[in-house]
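> My structure is below; once you've seen it, I'll send some questions.
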Amino acid sequence: MYMRGPLATIAAIAMLLLLASQHAAAAEGNFSFHNETKYMDETKIMHIYGEIKNESETTAMKGVLITASFYDANGALLSQYQQAPKLRVIGPGGFAPFDMVYLDPATVDRVASYSLSATGQPAEDKPAKLTIVSSNSRLDVLGLYYINVSVRNDGNQTATNPIAIATLYDSAGKVVAIGEAPLESESRVVENMAPGGKGGSGIVVPERLQTYKAASYSLVVDSDQYVSDVARYRAAGLGANSGATNNGTQSGCLIATAAFGSELAPQVQELRNFRDGLALKTMAGASFMNVFNGWYYSFSPHVADYERDQGWLKGAVRTSIYPLLGILDLSTSVFHALSFNDEAAIVGAGLAASSLIGLLYFAPLSAVLAIAGRKKCWDMKYAKYVLAIAWAASIAAVAAGEATASTEVLMFGTALLVLSAISTVVLAVARAVIRFRS
């Protein structure tokens, strides 16, 4: 009886130690690290970007904590930092992006190597009930990378604290930057997304020394109850947009933005809506935007920079844009009237817009040409033959491009078609002025 008490105590202590060791082993988990890059930002903070993988094929992990140990050239430990990955729960075999930082600018230049380790605890896996409906992205001339994402809750529970996470990759698949933002609806944060509810997010990735490297990006949406499948898209180049549905181009409206003071101005949004909602959803429209962006971005950054400091120029640009908005409204009506075929609809809308732009914005030029031509006895009778050839070539190229799904042929055809429409209106006005003055 005397030995039973101490033996029982020893046995209890041994059992507690055994349970503690089993819990510690479970907390360590089994993780690996992938696609890492090292980057020094403009404030001399070192970032280690990458993805952590849960190597377990059966157990999800929560409360994951990554430890980064930084060493000098002699192998001496300089510092350690800890950070959680971007996902709250990493499913079996799943990945989560991370951004580890070295915060001491006084010793950052001495960092020669680093090591990563992680711990976590078993968790119940979260169902993939959040659906990424659409996404598009663009890189502006300042190096900021913008990603827009639309999300739907397909679960039967309310999703709380939803957040969208973007990971940018270079052409070798290495992580070069990470961005995140809560979902929003009507300019307010969505804290609770009801079943069937929708939300959107505008993610800004500010690492301008990294964003230009992006060749692709992935999106995942995480909430307390649900997660989405990972969606991956081609990244956008300067002034271009790449999205889930079209992988086309979307430019920032730099001159209009400078005139109205914000990309969120209703006038700028209307210009963007015509481009994104109509043009970029078709092969012909996206091909023309490729040509247009190449031309537009050859001068618009310089004009926008000058415009921001010139009040008179802002006023002039605003005045000139308002008629364009009316033209786009009419062209949208043409598109919807021909909506039985989106490709035909965008060609019809483009012809309507081009003709009206030629009439409105080039009419003064037409009048000047007409007067000058009459005084100098210019013979414009051959111009109609040149235009006829241009029309025939453009229509043939558009038809061939649509039939073969050739972006290059469509780029040529749509650009020539727009120029032909504008030139036809200019010539018609010039001839009318000549006849009126005769």
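The values are calculated or read from the model by the stated rules, or taken from the named source; none is laboratory data. Just so you know, these numbers come straight off a predicted model, no measurement behind them. Cβ coordinates were reconstructed from backbone atoms using ideal geometry, including for glycine residues, and neighbour counts include every protein chain displayed. Note: areas computed on protein heavy atoms with side chains; ligands, DNA, RNA excluded. Shrake-Rupley method; radii C 1.70, N 1.55, O 1.52, S 1.80 Å.
> I'm checking my understanding of the structure. Among residues of the range 256-282 that are over 19 Å from the mean Cα position of the chain (by Cα) and more than 18 Å from G326 (Cβ to Cβ), which one is modelled with the lowest pLDDT?
G261
> Kindly provide the set of residues from the range 78-102 that are of a type outside the set (G, A, S), under 24 Å from E42 (Cα atoms) and either part of a strand (DSSP E or B) or out of contact with any Phe, Trp or Tyr (no Cβ under 8 Å at 6 or more places or on another chain) (or both), ordered by number.
Within the range 78-102, L78, Q80, Y81, Q82, Q83, P97, F98, D99, M100, V101, Y102 meet the criteria.
> Scanning for something free of Cβ contacts under 8 Å to residues at least 24 places away in the same chain and closer than 30 Å to S32 by Cα, does the range 119-140 turn up at least one residue? Let's see the steps before the verdict.
Taking the range 119-140 and keeping what is free of Cβ contacts under 8 Å to residues at least 24 places away in the same chain, we get none.
Within the range 119-140, not a single residue is free of Cβ contacts under 8 Å to residues at least 24 places away in the same chain and closer than 30 Å to S32 by Cα.
> For residues that are within 17 Å of D342 (Cα to Cα) and open to solvent by 40 Å² or more (accessible area, probe 1.4 Å), scanning just the range 387-408, find the one that is farthest from the chain's Cα centre (by Cα).
Going through the qualifying residues, I end up with I395.
> Here's a follow-up. Filter the range 120-140 for residues that are open to solvent by 50 Å² or more (accessible area, probe 1.4 Å), outside any loop (DSSP other than H, G, I, E, B) and over 30 Å from M46 (Cβ atoms) and give the result.
P122, V133
> Check whether at least one residue in the range 103-119 is part of a strand (DSSP E or B), open to solvent by less than 40 Å² (accessible area, probe 1.4 Å) and modelled with pLDDT of 95 or more, and report yes or no.
There is at least one residue in the range 103-119 that is part of a strand (DSSP E or B), open to solvent by less than 40 Å² (accessible area, probe 1.4 Å) and modelled with pLDDT of 95 or more.
> Working only within the range 117-171, note down all residues that are more than 24 Å from I255 (Cα to Cα) and of a type in the set (V, I, T). It would help to see each step written out before you state the result.
First pass over the range 117-171, keeping only residues more than 24 Å from I255 (Cα to Cα): 117-135, 149-171.
T119, T131, I132, V133, V149, V151, T158, T160, I163, I165, T167 - these are the residues of the range 117-171 that are more than 24 Å from I255 (Cα to Cα) and of a type in the set (V, I, T).
> Pick from the range 42-82 the residues that are under 29 Å from A128 (Cβ atoms) and of a type in the set (D, E, K, R): which of them is least open to solvent (accessible area, probe 1.4 Å)?
E51
> Can you find a residue that is in contact with a Ser or Thr (Cβ under 9 Å, 6 or more places away or on another chain) and either farther than 29 Å from S171 by Cβ or surrounded by fewer than 16 Cβ atoms within 10 Å (Cβ to Cβ) (or both) anywhere in the range 29-41?
yes
> Another question about this same structure. With the condition kept exactly as written, say whether any residue in the range 405-416 is of a type outside the set (K, R), modelled with pLDDT of 80 or more and touching a Leu at 6+ places or on another chain (Cβ under 9 Å).
The answer is no; no qualifying residue exists.
> Only one of these is over 26 Å from the mean Cα position of the chain (by Cα) and open to solvent by less than 50 Å² (accessible area, probe 1.4 Å): A304, A337, A363, A349. Name it.
Within the list A304, A337, A363, A349, the selection yields A363.
> Still on this structure, please answer the following. Check whether at least one residue in the range 110-128 is farther than 16 Å from G179 by Cα and aromatic (F, W, Y), and report yes or no.
First pass over the range 110-128, keeping only residues farther than 16 Å from G179 by Cα: 110-128.
Subset that is aromatic (F, W, Y): 114.
Checked the range 110-128: at least one residue is farther than 16 Å from G179 by Cα and aromatic (F, W, Y).
> Here's another thing I want to ask about it. Within the range 280-289, track down each residue that is open to solvent by less than 70 Å² (accessible area, probe 1.4 Å), over 14 Å from A405 (Cβ atoms) and out of contact with any Leu (no Cβ under 7 Å at 6 or more places or on another chain).
L280, F288
> So which of I90, I45 ends up being among the β-branched types (V, I, T), closer than 21 Å to D222 by Cα and within 29 Å of the chain's Cα centre (by Cα)? Walk me through it before giving the result.
Values: I45 fails: closer than 21 Å to D222 by Cα.
So the residue among I90, I45 that is among the β-branched types (V, I, T), closer than 21 Å to D222 by Cα and within 29 Å of the chain's Cα centre (by Cα) is I90.
> Now a separate question. Could you identify the single residue in G91, G63 that is under 30 Å from K198 (Cα atoms) and in contact with a helix residue (DSSP H, G or I) (Cβ under 9 Å, 6 or more places away or on another chain)?
G63
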